[in-house]
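What follows is calculated from the coordinates using simple rules that are stated; it is not laboratory data. In this text, all values refer to a predicted model and were calculated from it rather than measured experimentally. Positions of Cβ are backbone-derived with ideal geometry, glycine not excepted, and every protein chain shown enters the neighbour counts.
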Amino acid sequence: VNHLLGIKYLNEADLQLIFKTADQFKEVINRPIKKVPSLRDLTIANLFFENSTRTRLSFELAEKRLSADVVNFSAASSSVNKGETLIDTVNNILSMKVDMVVMRHPNPGAGVFLSKHIKASVINAGDGAHEHPTQALLDAYSIREQHSNIAGKKVVIVGDILHSRVALSNILALKKLGAEVKVCGPLSLMPKFIETLGVKVEPNLEKALNWCDIANMLRVQNERMDTSYFPNTREYVQQYGVNKSLLSRLEKQITIMHPGPINRGVEITSDVADSEHSIILNQVENGVAVRMAVLYLLASKIKAYAG
Ligand code: CP
């Protein structure tokens, strides 16, 4: 398969190969000359039908560090607004001899749909509330870097699990890697199928934090829900917000993660986000090496096919 559409299509060996490859690229991007020629014969299109800061820039940097040619497409300033379909848009871009497509799209399953209709590799950079595979890869890689190992680690994912592609991809990746996972958040923001994924719900944040080694804090995604679903912000902060005084009551020091963007003062206070507990910017740094690994491994398969 020459696509990365979701963590559900990967096994543990795939994940470990991506991490080992990312280790090598992390070393490369810390050198004075951060570039290697690995993808100099490939052209990659980054197609963003939804807003992004980290994922878009991280993919673009990863592609450039691998010497690929890169074109960027933002739906907001494109002919999508004149009624052009997704397939027509992408086939027009591919006719300019593009080899690989990175796509973020608001519709769950958009990457799978695209992969069935075009002749190019597709990387899912987030499809609605479904999956965000490269975020889960960089999150797991950052846990591995911080804690040496992922197997046996206890991870709690806190917040709006229902609307979070980061939560689903993280749960799938962490379970395949042997971590124990719990989720914590309002029951109205918890998917009904959550326990079928092999995770337990812990409604009490302090209990969840006392149990875990790592807490991954998520933003409430108001943009994905009807206003009647919005939790009351003051009550949400009281029940599910992490602050320094809560962390100081815990029996041990835990690692705090967040995929970004952060709503400071809601799911996490600034004195936690910017503290020694937080690896939030390490996650962002690791995103480039992990995406280089994904691009490199997919490109190797394309080249093998081409003969
Ligand atoms: N974590 C993440 O996907 O951030 P962006 O939406 O800024 O890409």
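A few remarks follow.
- Of the peptides 271-282, 76-87, the order by per-residue mean of other Cβ atoms within 10 Å, starting with the highest, comes out as 271-282, 76-87.
- Charged-residue dipole, Cβ positions (Lys, Arg, Asp, Glu), the range 96-158 about Cα centre, Debye nearest 20: 100
- Cleavage-rule hits, trypsin sites (Lys or Arg not before Pro), the range 234-276, DSSP coil, Cβ neighbours within 10 Å at most 10: Lys252
- Per residue, the chain reaches -12500 deg cm²/dmol at 222 nm when only DSSP H runs of four or more residues are counted, each adding -39500 (n - 2.57).
- Taking a ≥ b ≥ c as the square roots of the eigenvalues of the Cα gyration tensor, the range 118-192 is oblate, since a/c reaches 1.5 or more and a/b is not larger than b/c.
- Phi angles across the range 189-200 convert, under the Karplus curve 6.51 cos²θ - 1.76 cosθ + 1.60 with θ = phi - 60°, into 3J(HN,Hα) values of 10, 10, x, 5, 8, 4, 6, 5, 8, x, 10, 9 Hz, Gly and Pro given as x.
- The distance from the alpha carbon centre of the range 27-56 to that of the range 196-227 is 31 Å, rounded to a whole number.
- Too-long pairs where the Cα-Cα distance tops 19 Å, listed order kept, from Lys154/Lys182; Lys207/Lys244; Lys34/Lys301; Lys26/Lys154; Lys154/Lys175; Lys153/Lys175: Lys34/Lys301; Lys26/Lys154
- The relative contact order of the chain comes to 20 percent, based on Cα pairs under 8 Å that sit 6 or more residues apart.
- Within the range 10-79, the trypsin sites (Lys or Arg not before Pro) that combine a DSSP coil assignment with at most 15 other C-beta atoms in a 10 angstrom radius are Lys34, Lys35, Arg40.
- Relative to one another, the C-alpha centroids of the range 119-154 and the range 236-257 are positioned 24 Å apart.
- Global form of the range 74-154, assessed from the alpha-carbon gyration tensor, a/c cut-off 1.5: prolate
- Choice from Asp160, Asp127, Asp23 with maximal GNM fluctuation in the chain (Cα, 10 Å cutoff): Asp23
- In degrees, nearest ten, helix 280-306 long axis to first principal axis of the chain (Cα): 30
- Once C-alpha pairs closer than 8 Å and six or more residues apart are averaged by separation and normalised to the residue number of the range 213-307, the relative contact order reads 32 percent.
- Relative to the longest principal axis of the Cα atoms of the chain, helix 133-147 runs at roughly 60 degrees.
- Dipole moment magnitude, nearest 20 debye, the chain about Cα centre, only Lys, Arg, Asp, Glu C-beta charged: 520
- Leading residue at positive end of dipole, the chain (Cβ point charges), from Thr85, Gly241, Met225: Thr85
- Cβ-Cβ FRET estimate between Ser77 and Glu251, R0 fixed at 41 Å, reported to 0.05: 0.20
- Overall form of the chain per C-alpha gyration tensor (a/c, 1.5; a/b vs b/c): prolate
- Helix axis angle, 12-29 relative to the chain longest principal axis, alpha carbon, degrees: 80
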